[in-house]
Amino acid sequence: MDNYQIRLLKKMLKIYSPSGQEKELSGFLHAELKRLGFNSRRDDVGNVIGESGQGSPSVLLCGHMDTVPGDLSVKTAKEKIRARGAVDAKSSLAAMIGGATEAREDFPGKITVLGVVDEECRGTGIRHFVQKSQMNVDYAVFGEPSNTENIVIGYKGLMHLRLECGTKAGHAAVPWLHDNAVEKSVEIWSLIRSGFAESGESPFQSVTGCLTGIAGGNAINVVPSKCTFTIDIRIPPDTSSSSVLRSIRKKIGSYLNDNPNVTIDLDIMDQVEGCLMNPDSVIARSFSWAIRRIRGKSPVFLKKTGTSDMNLLACRTRIPMIAYGPGDSRLDHTDQEEISFKDYLASIEIYEEALKRLAVLHEKTN
């Protein structure tokens, strides 16, 4: 089975699938899951759903098929494979398929393997699945890099904001007579940023923000009258995104009172709450047991400053869930994305053993 698992991963990595271009990989996995004996189908947005068994416990294994843009040629050397998606997060999805395939004959309930689209952008895939599904599942695992020996129990929430600053245009030869939209945008961003965490504060427990884009001006000799900028804000689970938004709106309102010739239009591009799971849940204990069994180490429970599809499901349901998968998340979205075959194959064993252990613990607690 090991040779098959490596071939599966290589095939998945060779299919370029940035967000919005998952169709080829979706078709491949649909056929592969069917060949492996799953009841496989694709939904209206391109998600792949593979189901096996029925009854309780019911567990959802959710990984994403998309990657960030930037095709990297697949290279294998020194028992490692480098490619776009090797870490984030095709190896996790492949490990889910492998672990579920191995465990399902001994699993008394239902296993659903879900490959979703658009995780890296708007979460279209998981949003659609949650909306259309009855969500009769007891546990969920999301395929994200946790370095094989660790378990993710928390993610920060996020807000993506686009702001457009407007002023009146003027001649660049007399800049003192006109408000400059670009300069005003920088002032507004500095005001907003003053409410965010400094570098020395706890990253997971703090609200942080990043200016991710700015564009303004249309002529070299004209004072800019319009400037658009985007902000990525990350929010801890114990803080609501609405409270952060209210604070930002209040600061903008105060700024506009002092600058009556300036206008600001604010657009919320995305808004997701943070989540923090119980490390003593049945699903967390199952994976802890499997990691100790396969790797001989006790896992570390990670709280990540990023955001994943787990957040979106956590907003809908209270079921216990975690994220788990091979790979070093520091390589996410970089040109150095690579995974060792040893870690990848170990994660398949961990998925298999964790699912078997889950069945035992679920029966004991129900």
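Bear in mind that the values in this text are calculations on the coordinates, not laboratory data. For clarity, every value in this text was computed on a predicted model and none was experimentally measured. Backbone-built Cβ (ideal geometry, glycine too); neighbour counts: all protein chains shown.
Starting at the first residue of the stretch 353-358, write each ³J(HN,Hα) from the Karplus equation 6.51 cos²θ - 1.76 cosθ + 1.60 with θ = phi - 60°, in whole Hz, x for Gly and Pro.
With the stated coefficients, the stretch 353-358 comes to 5, 5, 5, 5, 5, 4 Hz.
Any idea what diffusion coefficient the stretch 51-176 gets from Stokes-Einstein, in µm²/s, Kirkwood Rh on alpha carbon pairs, 37 °C, 0.692 mPa s?
It diffuses with D of about 184 µm²/s by this estimate.
Can you compute the modelled spin-label distance between LYS75 and GLU183, with each label point 7 Å from Cα toward Cβ, in nm?
The answer from the label model is 4.8 nm.
Under 19 Å from a label point 7 Å along Cα→Cβ of GLN134: give me every residue in the stretch 49-72 with its amide N that close.
Those under the cut-off are 49-61.
Simple spin-label model, 7 Å along Cα-to-Cβ: SER247 to ASN3 in nm?
Taking the two extended label points, one gets 5.8 nm.
Comparing GLU119, GLU32, GLU144, which has the greatest mean-square fluctuation in the GNM of the chain with Cα pairs linked when under 10 Å apart?
Per the Cα network of the chain with a 10 Å cutoff, GLU32 tops the list.
Taking 0.36 nm per intervening residue step and subtracting the Cα-Cα distance, what contour gain separates ARG318 from GLN205 on full extension?
Between ARG318 and GLN205, full extension yields an extra 38.5 nm.
LYS250: which lysines have alpha carbons under 20 Å from its alpha carbon, excluding same-chain residues fewer than 8 sequence positions away?
Cross-link targets: LYS184.
So for the stretch 6-114: antiparallel DSSP bridges make up what percent, rounded to the nearest 5?
65
Which peptide among 310-319, 284-293, 177-186, 209-218 comes first, and what is the full order, when sorted by highest mean count of other Cβ atoms within 10 Å?
284-293, 177-186, 310-319, 209-218
Under 17 Å from a point placed 7 Å out from the Cα of HIS333 along the Cα-to-Cβ direction: which residues of the stretch 107-137 have their backbone N that close?
Correct set: 118-124.
Could you sort the peptides 53-66, 242-255 by per-residue average Cβ neighbour count (10 Å cutoff), highest mean leading?
53-66, 242-255
If you project the alpha carbons of the stretch 157-272 onto the principal axes, what extent comes out on each, in Å, largest first?
49, 27, 26
Give me the distance between the Cα centres of the stretch 44-122 and the stretch 264-283, rounded to whole Å.
22
Starting with the fewest neighbours, write out GLU187, GLU201, GLU273, GLU337 ranked by other beta-carbon atoms found within 10 Å of each beta-carbon.
In increasing order of surrounding Cβ atoms, one gets GLU201, GLU187, GLU273, GLU337.
Does the stretch 258-366 classify as rounded, prolate or oblate by the C-alpha gyration tensor (a ≥ b ≥ c root eigenvalues; a/c under 1.5 gives rounded; else a/b over b/c gives prolate, otherwise oblate)?
Taking the square roots of the gyration eigenvalues as a ≥ b ≥ c, the stretch 258-366 is oblate.
For the pair LYS168 and SER194, how long in nm is the line joining their label points, each one 7 Å along Cα→Cβ?
A separation of 2.7 nm, rounded to one decimal place.
Going down the table (LYS90/LYS132; LYS23/LYS156; LYS10/LYS80), which pairs top 20 Å between alpha carbons?
Exceeds cut-off: LYS90/LYS132; LYS23/LYS156.
Where both residues lie in the chain, what percent of DSSP beta bridges are antiparallel, nearest 5?
70
Classify the chain from the C-alpha gyration tensor, please: rounded if a/c falls under 1.5, else prolate or oblate depending on whether a/b exceeds b/c.
prolate
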